[in-house]
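Following: one structure in C-alpha cells, then a few remarks.
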C-alpha cells in the first residue's frame with residue numbers, strides 16, 4: 001500500500017542553520033505530495049505542495065522538489081528561525097477525487113537561539 | 001480567514017465511558033474528514049464524508065466508533081466505550097469540492113485522554 005517515510009527526529013538546529021528533512025514515498029502512479037506543519041497546540045497547516053514530477057513547492061522560505069526517480073520530497077530551508085520550531089509532516093494523495101492524505105510519522109524541529 | 005471549528009479541545013474520560021467530538025467545517029466544504037493522531041505518529045484517516053454520505057470508513061473501528069453528518073454540514077464522532085488505546089488527538093478537516101491538489105484545512109483538534 002501507499003506509505004510515506006520521514007527521517008527520525010528530533011532535529012535540533014541553531015538559528016540561521018540550513019535545514020533538510022528527508023521524505024520518501026511509496027505509491028503507484030503519480031501522487032500529489034505535501035508538507036504540513038503543526039505548531040504546538042495547533043492543527044495542521046499546509047506548508048507547500050507539488051502535484052507532478054520536478055515541480056518545486058515553496059512557501060515562507062521552505063522548498064521541496066518532487067523527485068520521481070528517487071521517490072522523494074525533501075524539505076529544505078536555507079536559514080531557520082526559532083519560530084520554525086514545530087512538527088513537520090510529509091504526506092501524499094493519490095486521488096484528486098477523494099482528497100485522502102497519507103501522512104508520514106512527523107519530524108520534530110527544534111531551533112535554538 | 002475561515003476555520004474548521006472543533007470541540008471540545010480537551011477531554012479526559014475514564015475507560016468504558018462514552019465520548020463525542022464535534023466538527024463544523026468551513027462553509028461550503030462538501031468533503032469532511034476525521035483523522036486520529038496518536039502521540040508521535042502521523043494522522044490516520046478514520047472516516048471521510050462527501051456531503052452526508054460516508055465514502056471511506058475502512059479504518060474506523062466500527063465496534064466502538066461511529067460518525068455522522070446528518071445534514072451534510074457539521075459532524076459528530078463518537079466513541080463508546082472508550083479504551084485506553086483511544087488516547088489521541090482527533091483532527092477534523094474539510095475540503096471544497098473540486099479544490100485542486102487536495103488541499104485540506106484542518107481544525108485545531110480534540111485531544112482525548114482515557115484513564
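Before moving on, here are some points about what is shown:
- Multiplying each eigenvalue of the alpha-carbon gyration tensor of chain B by 5 and taking the square root yields semi-axes of 23, 14, 13 Å, largest first, rounded to whole angstroms.
- Cβ crowding within 10 Å averaged over residues, with A:22-33, B:29-40 ranked highest first: B:29-40, A:22-33
- Note on the protein assembly as shown: antiparallel DSSP beta bridges, both residues inside, total approximately 90 percent of the bridges counted.
- Taking B:111, B:69 and counting other C-beta atoms within 10 Å, the order from fewest to most: B:111, B:69
- Order of A:89, B:21, A:73 - criterion: other Cβ atoms within 10 Å of each residue's Cβ, fewest first: B:21, A:89, A:73
- Tail fraction, Cα-Cα pairs, segment A:1-70, threshold 16 Å, whole percent: 57 percent
- Shielding score for B:33-46, defined as the mean number of other chain Cβ atoms within 10 Å: 4
- Cα radius of gyration and Dmax for the protein assembly as shown (Å): 17.6, 50
- Counting neighbouring Cβ atoms within 10 Å and putting the fewest first, the residues A:8, B:3 line up as A:8, B:3.
- Stokes-Einstein, applied to the Kirkwood radius of segment A:30-113 over Cα pairs at a viscosity of 1.567 mPa s and 4 °C, places its translational diffusion at 97 µm² s⁻¹.
- The mean of 1/r over all distinct Cα pairs in segment B:43-97, once inverted, gives the Kirkwood hydrodynamic radius of 12.1 Å.
Every number here is computed from the coordinates shown, using simple stated rules; none is lab data. Treat the numbers as computed from the prediction; the structure is a model and nothing was measured. Because the Cβ atoms are built from the backbone with ideal geometry, glycine has one as well, and the counts that use them run over all protein chains shown.
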